[in-house]
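*Asks:* Could you have a look at this structure, given as structure tokens, before my questions?
The values are calculated or read from the model by the stated rules, or taken from the named source; none is laboratory data. Keep in mind that what you see is a predicted model, and the values were worked out from it rather than measured. Neighbour counts run over all protein chains shown; Cβ positions are idealised from the backbone, glycine included.
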Amino acid sequence: MLGERGEDAKILSGGQSLIPLLKLRFASPAVVVDINRIAGLDTLAEEDGGLRIGALVRTKTCELSELLRDRYPILSQAAAQISDPIIRNLGTVCGSVAHADPQGDWGSALMAAGAEAVARGPGGERTLPLSDFFQGPFTTTLEPTEVVTEIRVPGPGERSGGAYLKLERRVGDFATAAVGVQVSFEAGKIARAGIGLTGVGATNLRATEAEQALVGAELDEEAIQGAAELAAQAADPQSDTRGSAEYKRHVVRVFTERALRASAGKANG
Ligand SMILES: Cc1cc2nc3c(=O)[nH]c(=O)nc-3n(C[C@H](O)[C@H](O)[C@H](O)COP(=O)(O)OP(=O)(O)OC[C@H]3O[C@@H](n4cnc5c(N)ncnc54)[C@H](O)[C@@H]3O)c2cc1C
């Protein structure tokens, strides 16, 4: 159906973004393709050392998952802070990523964790790293004929930590600003660092320079403050009803520091 209709068909998974868009007439596809009855798309499990999140895994399932709480706390914390229980009950991780709202929490948390999307279409299957998946507001590298069948997250390694910190005006709101951090250590030094930013740019952003500054360093106060400054510089916020650009940049700096400290604490047990 997607192959036949292209841009004129839209996938429906949780419907928590698509249905509001239809109601407001921002989208008027001729055909809605409901994938909810397709079997085998609800896997949330570790396999071959990494995590698989199938297209029909709901945000609520991630919030309640002990596996995510123990092994992928950045994802568990992001899930718990997305909107309200009704949205979390239906909204899917893959739907949120495909929707590519710059205010979306999943995109930044998963980017920090080094995730990739698996997309399937008439031409076969492709793997798309999330680091260059988001092209602009509500725009991705997905073809209109492709379905995201799952998200894959690399295993965090033996000594690792992560956190997702979100500032919202009230419970259930989109982020004023949010920061996701994931770090892995080898022999006391940072082997991999991922930092994702929400609500402070035209897409979910990766603070690449801050990540690079951390690799090979010990996670001491100097490294934490240096990375937080670089993350604040990577943010490109707009002033709006949620706060001024300056305020949001400050929140990114402070949350990056806090998330790095929390990550170090987790990695050290
Ligand atoms: C009141 C409210 C508050 C919200 N607050 C937050 C918040 O705080 N943080 C946050 O991150 N989000 C928030 N959201 C958004 C919501 O969490 C997600 O955007 C939503 O759940 C997307 O997932 P879905 O499964 O519902 O996607 P749908 O609404 O079904 O689809 C969204 C879009 O993605 C496409 N799509 C869906 N699944 C796939 C797929 N597998 N492959 C390819 N394309 C696909 C659809 O065609 C559509 O264009 C909020 C939404 C509402 C209504």
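*Asks:* Being more than 29 Å from Ile86 (Cα to Cα), in contact with a Phe, Trp or Tyr (Cβ under 9 Å, 6 or more places away or on another chain), surrounded by fewer than 21 Cβ atoms within 10 Å (Cβ to Cβ) and not acidic (Asp, Glu) narrows it down to one residue among Gly188, Gly157, Gly216, Gly226; which is it?
*Replies:* Being more than 29 Å from Ile86 (Cα to Cα), in contact with a Phe, Trp or Tyr (Cβ under 9 Å, 6 or more places away or on another chain), surrounded by fewer than 21 Cβ atoms within 10 Å (Cβ to Cβ) and not acidic (Asp, Glu) holds for just one of Gly188, Gly157, Gly216, Gly226, which is Gly157.
*Asks:* If Gly49 meets every condition in (1) out of contact with any Gly (no Cβ under 7 Å at 6 or more places or on another chain); (2) modelled with pLDDT under 95 apart from one, which number is that one?
*Replies:* Only one criterion in (1) out of contact with any Gly (no Cβ under 7 Å at 6 or more places or on another chain); (2) modelled with pLDDT under 95 is unmet by Gly49, namely (1).
*Asks:* Sticking with this one: Let me spell it out: the conditions are (1) touching a strand residue (DSSP E or B) at 6+ places or on another chain (Cβ under 9 Å); (2) over 18 Å from Gln182 (Cβ atoms), and Thr241 meets all of them except one. Which number is the exception?
*Replies:* Among (1) touching a strand residue (DSSP E or B) at 6+ places or on another chain (Cβ under 9 Å); (2) over 18 Å from Gln182 (Cβ atoms), Thr241 violates only (1).
*Asks:* Could I ask something else about it? Is one or more of the residues making up segment 74-82 over 23 Å from Leu165 (Cβ atoms), outside the structural domain of Leu197 (by TED's automatic domain parsing) and near the ligand (Cβ under 6 Å from one of its atoms)?
*Replies:* Within segment 74-82, none of the residues are over 23 Å from Leu165 (Cβ atoms), outside the structural domain of Leu197 (by TED's automatic domain parsing) and near the ligand (Cβ under 6 Å from one of its atoms).
*Asks:* Got at least one residue in segment 36-47 being within 10 Å of the ligand (Cβ to nearest atom) and buried (at least 22 other Cβ atoms within 10 Å of the Cβ)?
*Replies:* Within segment 36-47 (the criterion being within 10 Å of the ligand (Cβ to nearest atom) and buried (at least 22 other Cβ atoms within 10 Å of the Cβ)), the answer is no, since none of the residues qualifies.
*Asks:* Of the residues Ala228, Ala213, which is part of a helix (DSSP H, G or I), touching an Asp or Glu at 6+ places or on another chain (Cβ under 8 Å) and touching a residue at least 12 places away in the same chain (Cβ under 8 Å)?
*Replies:* Testing whether each residue is part of a helix (DSSP H, G or I), touching an Asp or Glu at 6+ places or on another chain (Cβ under 8 Å) and touching a residue at least 12 places away in the same chain (Cβ under 8 Å) leaves just Ala228.
To keep it simple, each residue is scored yes or no on (1) of a type in the set (Ser, Thr, Tyr); (2) near the ligand (Cβ under 8 Å from one of its atoms); (3) touching a residue at least 24 places away in the same chain (Cβ under 8 Å).
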position	(1), (2), (3)
Ala55	no, yes, yes
Glu63	no, no, yes
Glu66	no, no, no
Arg69	no, no, no
Ile86	no, no, no
Leu90	no, yes, yes
Gly95	no, yes, yes
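*Asks:* Take the residues in segment 199-209 that are in contact (Cβ under 8 Å) with a residue 60 or more places away in the chain and outside any strand (DSSP E or B); name whichever of them is nearest to Tyr72 (Cα to Cα).
*Replies:* Only one residue tops the list, namely Asn204.
*Asks:* Now, a different point. More than 14 Å from Leu110 (Cα to Cα), in contact with a Lys or Arg (Cβ under 9 Å, 6 or more places away or on another chain) and either of a type in the set (A, V, I, L, M) or not assigned by TED's automatic domain parsing to the domain that holds Phe174 (or both): does that describe Arg69?
*Replies:* No, not satisfied.
*Asks:* Follow-up question, since we're still on this one. Looking only at segment 57-80, decide whether some residue is under 20 Å from Ile19 (Cα atoms) and assigned to a loop (DSSP other than H, G, I, E, B).
*Replies:* Taking every residue of segment 57-80 in turn, at least one turns out to be under 20 Å from Ile19 (Cα atoms) and assigned to a loop (DSSP other than H, G, I, E, B).
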